[in-house]
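The values are calculated or read from the model by the stated rules, or taken from the named source; none is laboratory data. Please read these numbers as outputs of a predicted model, since none were measured by experiment. So basically every Cβ, Gly included, is an ideal-geometry build from the backbone, and we count neighbours across all protein chains shown. In case anyone asks, the SASA skips ligands and DNA or RNA and just uses the protein heavy atoms, side chains included. Shrake-Rupley method; radii C 1.70, N 1.55, O 1.52, S 1.80 Å.
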Amino acid sequence: MGIQRIEHFLTNINDASIDQINTVCLEEMNYLRENYPALSSFRSALTSYRKAVEIQVDDEDKRLRTVKSLHLTRKENKNLDQAKEKQIAGDLLHQRPIYNLDEHINLATKLLDSNSYQDKILGLCALTGRRTAEIACTAQLNLIPDDDYTVMFTGQLKTKNRGVLPAFEIPVLCNSTKLINALHAVREAKPMFMDNMPRFHNAASSDVNKKCKKLFFNVSDAPISPKDLRSIYAEISYLYLDD
């Protein structure tokens, strides 16, 4: 949704009396349902609205009533849950085999030494299980004494409205010092990406996705995306790191 649309909505909320809030919200919800027929998109739009309300509506009663009104109905939530279950069932049905796990780790480790920051990002994603935007923009990795294959990680995205999460341990598939040095190199090469996800997505995300398919061509029967690297990492961690 456009920023101007949200700003217009916020103006209407601030100008409305407390008894008019529900009507203003209902009208905006009807507009959003019409323009965002996919429930997932509608839900994302509501999230953006609620965040804007939390920041820009000073009157506490208006703010609380507005945020409470900008939610999916029970039926819409149920439909979203059913769609998610259907997607998961489909994903499980169409799982593809993963080959050459050792070669996969070796390739990802070699990418850390590449002169290309994009290669480094992909290597880090494969070896830590983190998202490309996390590696490029938000991730911080710190050593754990006497443990070469675990690091402290901060910078998780998609926290489901839990805010900024504290640092937590994650297993890694390569020497932790080598990983941390590679992440520092990414920061030095592209400092403008730090805490700027839109800039990363606009400038590099598409190229990183394309390069992933070219570099990891021998892992499976189908092209590999950065999202797949995350899944492969989880499988390897489950198979090997718990031994």
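Here are the numbers for the structure shown:
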read-out: Cβ pairs under 9 Å, 6+ apart, first in the stretch 224-237 and closer than 10 Å to Leu127 by Cα and touching a residue at least 12 places away in the same chain (Cβ under 8 Å), second open to solvent by 50 Å² or more (accessible area, probe 1.4 Å) and part of a loop (DSSP other than H, G, I, E, B); value: Arg230/Arg131
read-out: Test for Met192: is it among the hydrophobic types (A, V, I, L, M, F, W, C) and loosely packed, with under 14 Cβ neighbours inside 10 Å; value: yes
read-out: Those residues of the stretch 160-180 which are at pLDDT below 90 and not hydrophobic (A, V, I, L, M, F, W, C), in sequence order; value: Lys160, Asn161, Arg162, Gly163, Pro166
read-out: Residues located in the stretch 120-129, provided they are assigned to a helix (DSSP H, G or I), small (Gly, Ala, Ser) and out of contact with any His (no Cβ under 9 Å at 6 or more places or on another chain); value: Gly123
read-out: Lone qualifier among Ala182, Ala204 - being closer than 19 Å to Leu229 by Cα, surrounded by 13 or more Cβ atoms within 10 Å (Cβ to Cβ) and in contact with a Gly (Cβ under 8 Å, 6 or more places away or on another chain); value: Ala182
read-out: Subset of the stretch 1-47 that is farther than 19 Å from Lys62 by Cα and aliphatic (A, V, I, L, M) - its residue that is modelled with the highest pLDDT; value: Leu32
read-out: Test: residue in the stretch 136-148 that is at pLDDT below 90, farther than 18 Å from Lys227 by Cβ, open to solvent by 90 Å² or more (accessible area, probe 1.4 Å) and within 17 Å of the chain's Cα centre (by Cα); value: no
read-out: Any chance Leu183 is modelled with pLDDT of 95 or more and in contact with a strand residue (DSSP E or B) (Cβ under 7 Å, 6 or more places away or on another chain); value: yes
